[in-house]
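Read-outs throughout are calculated quantities, based only on the coordinates presented, and are distinct from any laboratory measurement. Bear in mind the structure is a predicted one, so any value in this text is a computation, not a measurement. Neighbour counts are summed over all protein chains in view; Cβ atoms, including those assigned to glycine, are modelled from backbone coordinates with ideal geometry.
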Amino acid sequence: MSLSNGMTPVLMMLVVQVAQAGVHIFFKLAISSGVSVPVVLAYRFLLSTAAMVPLAFFFNRGKRLKMTWKIIFQGFICGLFGGSLGQNLYFKSMALTSATFMSAVANLVPAITFIVGFSVGLERLEFGTAVGKAKVFGTLMGIGGAMLFSFYKGFPIQFLKSEINLLPGTSTRHVAFLASDHRVLGACLALTSCFSYSIWIILQTKMSETFPCPYASTGLMSLMAFFQSTIYALCVERDWSQWKLGWDIRLWTVAYSGTVGTALVVTLITISSRLRGPLFVAIFNPLLLVIVALAGVFFLDEKLYLGSVLGAILIVCGLYVVLWGKHNEMKKRINEVVPSNENEAQKSVEIIVVNGSNGSSSVEMK
């Protein structure tokens with residue numbers, strides 16, 4: 001069984017969602033302590049670059065990588081949409097609205113990715129087939145589950161409760177106060193961040209075709225995102241004390257989000273998108289809402305409601321339906337290629353024996 005036909009891409013994306021859930025927890029704690037998000041993001045991409053550049057040299061030693069201007073430009077664009085721009089939009093919109101609203105809007109990513117991927121030819125609609133219907137209905141099911149998860153509560157589930165609360169008690173009131181202002185601007189930023197993330201997944205898939213070196217491409221993207229986010233942070237943050245890293249939540253957020261949340265996550269997404277396409281990567285996004293909610297129950301003293309459980313069931317069912325559709329789509333593409341190769345290999349050989357006038361014979365093969 002080859003890598004692309006096995007469970008490896010699925011396991012990779014599950015690791016991605018767990019890792020990104022950790023990033024959300026760390027940033028929630030960091031924002032509650034009053035840190036500057038643009039500064040933390042600049043340090044995040046700096047650490048990711050420092051981690052990925054040596055790995056790129058190690059895994060690609062002996063290989064001659066052609067770093068063309070086209071690849072550099074692709075790295076710049078990926079660093080913009082998947083790094084500096086996308087991340088700053090996401091966390092800024094979370095501050096202006098609320099975590100619940102942002103989680104709901106972020107789950108539009110599969111639908112946006114499907115539409116953009118179909119428009120550029122990376123995804124096939126094929127709505128008349130079972131595969132096409134599975135991809136469409138599975139995506140809609142996941143989005144519906146995310147909406148139900150976010151906006152319907154029901155009665156609380158008491159048996160899942162923890163006494164651990166890493167979040168200071170005063171921070172939630174501060175975030176709620178910020179959410180009451182500029183809600184329209186926050187909603188616009190949230191939608192823009194979703195489009196930014198979807199465009200990045202598609203661009204990363206395209207870049208992996210021209211530059212099939214996941215460690216080097218992740219390092220290049222991180223480097224570009226570091227320069228972009230640093231320039232932005234220098235423009236918006238004038239308090240130089242925000243740039244100091246101590247032994248506090250700011251340092252742990254930078255360390256985790258840089259190594260795990262960016263270096264590891266982007267590498268796994270690059271490999272998975274190249275093997276299964278951008279929609280495969282995006283459809284796992286609603287799982288993040290489930291994992292973050294469970295982490296909030298156990299570590300942030302948050303409550304879990306019936307709507308969360310029902311929404312989680314719909315999300316998992318929608319994910320399974322899309323994975324089934326993508327699996328059968330790959331089988332169909334393989335079957336379209338294999339018969340043509342077999343026909344070429346199994347050409348018939350015709351042998352003609354020709355008797356000459358002198359009694360000799362010759363053999364001709366066609």
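Evaluate E = 1/(1 + (r/R0)^6) for F73 and V15, where r is the Cβ-Cβ distance and R0 equals 22 Å; express this FRET efficiency to the nearest 0.05.
Once rounded, the FRET efficiency stands at 0.15.
Quick one: which residues, 5 or more positions from Y305 or on another chain, have an amide H under 5 Å from its amide H? H modelled 1.01 Å from N in the peptide plane, none for Pro or chain starts.
Here I157 satisfy the definition.
How would you order 314-325, 8-19 from highest to lowest mean count of nearby Cβ atoms within 10 Å?
314-325, 8-19
Packing-wise, with mean Cβ within 10 Å as the measure, how do 48-61, 195-208, 269-282, 239-252 rank, highest first?
Per-residue Cβ counts within 10 Å, averaged per peptide and sorted highest first, yield 269-282, 195-208, 48-61, 239-252.
What does a probe at K331 reach in segment 128-155, counting residues whose amide N is under 14 Å from the point 7 Å along Cα→Cβ?
So the set is 130-132.
With the cut-off at 1.5 for a/c, could you classify segment 205-297 from its C-alpha gyration tensor as rounded, prolate or oblate?
oblate
For a quick protection proxy, order the peptides 212-218, 82-88 by their average other-Cβ count within 10 Å, most packed first.
82-88, 212-218
Taking 30 Å as the cut-off for C-alpha to C-alpha distance, list the pairs among K92/K244; K28/K135; K66/K92; K206/K332 that go past it.
Violating the 30 Å limit, Cα to Cα: K28/K135; K66/K92.
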